[in-house]
Structures are given as C-alpha cells and as structure tokens.
Amino acid sequence: LWSVDKYVDTIESASLLEEAAKALKSDEVVAFPTETVYGLGANAKSDTAVEKIYKAKGRPNDNPLIVHISDYSELDELVESIPAKAKKLMDAFWPGPLTVILERKPGVLSEYVTAGLSTVGIRMPDHPVALRLIKKSGLPIAAPSANQSGRPSPTSAKHVMDDLSGRIAGVLDGGETGVGVESTVIDCSLEPPMIFRPGGISKEQIEVVIGYVDIDPALHENEKEKPKSPGMKYTHYAPDAPMYLVEGDQAFLQQLIEEKRETGLKVGVLATEESATGYDADAVIPCGSRGDLESVAHSLYDTLRAFNEENIDVIFSEVFPYQGIGLAIMNRLEKAAGKQWIYQGS
Ligand code: TXA
Ligand code: MG
C-alpha cells in the first residue's frame, strides 16, 4: 500500500508515485485512484502485463478494458480518426468520467485489451494521482475497476486490498473516490453515438453537447437482448445476500421486512438519509441523500459492500429516478439485485 496525498505534492508522495510508475514499466499491475472508482492498471501495449489484470481480477477475457491517457497527444497513436462528435465530447468532459469508443489502429495495443474488437474505449481520468501516474509511466494504461470480478467496484484503497491483496504489485492510496460510479461508456464509431454503459456523465449532459444519442436497448428495463458492451452482460456489483428493489412507500417496505423477520431471516435495508430512521430492521444503511443523487452515487458501492459485514440474509433497496446520474445508480442496483423487483399493489 502506497499512501499518497491527493495532489502528490510532498516529496514522499512523489517518490511513491515514481515507484508505482516503475512497476507499470516493468509490466506489473498497480491499483490507483480515479475520480470514479479505483482502477487496476497495466501497460496496455504488453500482453504479459494485460494478462496479469485478467488473472488478478478473475475477469472473463472476452471483456475489453478501457485505455487511460493523460494527454490528448497520446490519442493519435491509438485511434484511426476522431469523429467531430467525439472531439466535442472530449473537449467538454475530459478529463472526466466519460469513455469514448473509437476505431483503433491495429497493432499498437495488446489484443487482450480490446478482446478481439476493432474498437477501443479511451478515457482521460480527472484525478491528479491517475494523471501523474500515467504521465510518469509514459504508457497508455489499460485499467478495469480494481475489484474482484463480480464484486462492487472499489471506491477506497481498503476495498481494493479486501479484494486483491497479495495478487497485485501495489495500491496507490489517494483516499475515497468522488463520483463513486464508473465512467459513462459511449460508442462514437456509431452514428448516432450509442451509450453502452450509463455512468458519471449523464445522457442529458451529453445531448447538450452533441444532440441526440442512442442508448443500448439492452439497458432498458426488463430487456432480454444481449448488451453491446461485453462487460454489461455479467452479474456484477452484487453483495453476498440476495437483494430486491422495492417500488413502493416506506410502510410497504417495512411490511416486507417484518414478513422476512418472522421467518427468522436477518434483513438489511438500503435507505437514504431522509428515510433511514423510519425503518426497523437488522441493518439499515443510508446511502446518501435522496435530494442529491450525486451523493447516492458516491456512497453506493461502499454501502453494497457494507451489507457483507452485517451477516444479512436478504436486502431490500429503495429505488431512484432513471434520470441524470440516477440512470447509472439504477443500472448498478438492477445488476446487484439481478433484476429482482417487488412492486406495491401487485
Ligand atoms: O470509471 C471507469 O470507467 C473505471 C475506471 C477505473 O476508469 N473503469 C472501468 O473499467 O469501469 P471496467 O473494465 O470495469 O469496465 C469497462 C466497460 C466494460 O463494460 C467493457 O465491456 C466496456 O467498458 N468496454 C471497453 N472497451 C469496449 C469496446 N471497445 N467496446 C465495447 N465495450 C467496451
Ligand atoms: Mg468493472
């Protein structure tokens, strides 16, 4: 564990960052903070290095990785061309939580990064530790979220250690991440561009900049179609206990809690700051404020992980509007719950 201050401005932090960059250059894997979640980085040009990512995470190898850069000058080497809409999005949201998929130049990146696709997803993260690490390494850095495959993404160095300790060269600890859910993934090799994964930049924000965009039909509620982004088809973000999304009022949810407790089960509730004191259950965990969906996104993965420490048999979760960052929150909750819903009055 390499603890650095967020702006890497002490001599000690700078030398730890140097050490981490050196590990990347020697094809080792290193976890680092971004503004969304912690990433597990490796040299994107090296098969040996990228294989270590899949191995450490236990990740299926048909699921491509996002390539992280620290400067626009690194783009030309990686992609064939930059369509006008992609350029506008980069100018508006980079550095930031947006991954842009473009046609890649063949022969530059390890084939393991792109999992056989002709495209590559690229992003410039908005975090001083990430940007400096990438710059120091002098390499494009392939980095998925630094969790064990299937678990909630890590928003602190502790989460990374809990999942990957002993399997990676090190973690740069830059404190808690800010946004809390992953970047939005948008394919700009399509016209109109299509959102494959909702995330830190909302569809509404994107449409202000480039007009109408599609959204992968597989993301719509109850859709059975196969998602276009390979990673979206896996169960994900799941806490250990089964989870249900509850569409109904607080009294209805309390009634569900009581029914389960009568059968001897321990019940957890994913609530909000506004509602938490209104439930009587074995573990009621507030996840941000309903009046501020950014705060819900920020706390979401830590909350999902916290239920695992509570010896809970079943979790009931409140739900949120499918708007703004709410779309990303609900996408992750649906995955965590395996799309199990309970509706009041049905
Ligand atoms: O915020 C984030 O994006 C974090 C931080 C570390 O940057 N990274 C992250 O990576 O969430 P990962 O590997 O957990 O998720 C990448 C997603 C997967 O769903 C993957 O299938 C999709 O992006 N993806 C990557 N390249 C793609 C491509 N060429 N075509 C389609 N989907 C792609
Ligand atoms: Mg992930």
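The values are calculated or read from the model by the stated rules, or taken from the named source; none is laboratory data. Here the structure is a predicted model, which is why all the values come from computation and not from measurement. Positions of Cβ are generated from backbone atoms using ideal geometry, with glycine treated the same way; all protein chains shown enter the neighbour counts. All accessible areas refer to the heavy atoms of the entire protein, side chains included, with ligands and DNA or RNA removed. Shrake-Rupley method; radii C 1.70, N 1.55, O 1.52, S 1.80 Å.
Brief remarks follow.
- Protein heavy-atom accessible surface, 1.4 Å probe, per residue over segment 139-233: 38 Å².
- Computed over segment 51-90, the P(r) tail beyond 11 angstrom holds 75 percent of alpha carbon pairs.
- Dimensions (Å) - segment 1-158, Cα atoms, principal axes, largest first: 41, 33, 29
- The chymotrypsin sites (Phe, Trp or Tyr not before Pro) of segment 1-59 that meet both conditions, a loop assignment by DSSP and at most 12 other Cβ atoms within 10 Å of the site Cβ, are 7.
- Cross-link partners of residue 52 among lysines, defined as those whose alpha carbon lies under 29 angstrom from its own and excluding same-chain residues fewer than eight positions apart: 6, 22, 25, 105, 135, 136, 158, 226, 228, 233, 335.
- Annotation: average projected area of segment 267-346 is 5.4 square nanometres, based on the convex hull of Cα atoms across all directions.
- Size descriptors for segment 151-289: radius of gyration and Dmax over Cα atoms are 19.1, 54 Å.
- Translational diffusion of segment 169-218 was estimated from the Stokes-Einstein equation, with Rh taken as the Kirkwood radius over Cα pairs; at 10 °C and 1.306 mPa s the coefficient is 127 µm²/s.
- Remark on residue 324: its backbone amide H falls under 5 Å from those of 204, a criterion applied only to residues 5 or more positions apart or on other chains, H modelled at 1.01 Å from N.
- For segment 1-91, fraction of C-alpha pairs farther apart than 15 Å, in %: 69
- Solvent exposure of segment 269-316 as accessible area per residue, Å², 1.4 Å probe: 40
- Between residue 55 and residue 80, the contour length at 0.36 nm per residue exceeds the alpha carbon distance by 6.0 nm.
- C-alpha long axis of helix 47-57 to longest principal axis of the chain, angle in °: 10
- With contacts taken as Cα pairs under 8 Å at a separation of at least 6 residues, segment 59-121 carries a relative contact order of 50 percent.
- Distances between placed amide hydrogens fall under 5 Å for residue 173 paired with 2, 3, 4, all partners being 5 or more residues away or on another chain.
- Per residue, the solvent-accessible area of segment 1-130 (1.4 Å probe, heavy atoms of protein chains only, all protein chains present) comes to 40 Å².
- Here the Karplus curve 6.51 cos²θ - 1.76 cosθ + 1.60, taken at θ = phi - 60°, turns the phi angles of segment 300-312 into couplings of 4, 5, 5, 5, 4, 5, 4, 4, 5, 7, 9, 6, 9 Hz, with x standing for Gly and Pro.
- Sites listed here are GluC sites (Glu not before Pro) in segment 295-329 whose DSSP assignment is loop and whose Cβ has at most 10 other Cβ atoms within 10 Å: 309.
- Segments 110-121, 26-37 sorted - mean Cβ within 10 Å per residue, highest first: 26-37, 110-121
- Spatially proximal aspartates and glutamates relative to residue 55 (Cα-Cα < 17 Å; intrachain offsets below 8 disregarded): 27, 28, 47, 111, 162, 163
- For segment 144-151, putting each phi into the Karplus relation 6.51 cos²θ - 1.76 cosθ + 1.60 with θ = phi - 60° gives couplings of x, 4, 8, 10, 5, 3, x, 8 Hz, in residue order, rounded to whole numbers and with x for Gly and Pro.
- For segment 68-221, the alpha-carbon radius of gyration amounts to 1.06 times the rule-of-thumb value 2.2 N^0.38 Å expected for a compact globular protein.
- Computed per residue of the chain from DSSP H runs no shorter than four, each worth -39500 (n - 2.57), the mean residue ellipticity at 222 nm is -9500 deg cm²/dmol.
- The candidates 68, 298, 220, arranged from most to least accessible area with a 1.4 Å probe in the full protein assembly, appear as 220, 298, 68.
- Each listed q (0.09, 0.10, 0.11, 0.15 Å⁻¹) maps to a log10 I(q)/I(0) for the chain, found by the Debye formula over equal Cα scatterers with no solvent: -0.48, -0.59, -0.71, -1.25.
- Segment 233-306: relative contact order in percent, alpha carbon pairs under 8 Å with at least 6 residues between: 24
- Length released on extending from residue 343 to residue 249, taking residue separation times 0.36 nm less the Cα-Cα span: 32.9 nm
- With contacts taken as Cα pairs under 8 Å at a separation of at least 6 residues, the chain carries a relative contact order of 19 percent.
- For the chain, carbon and sulfur atoms together expose 49% of the accessible surface, with a 1.4 angstrom probe and every protein chain in place.
- Top of 187, 162, 313 by mean-square fluctuation, Gaussian network on the chain, Cα under 10 Å: 162
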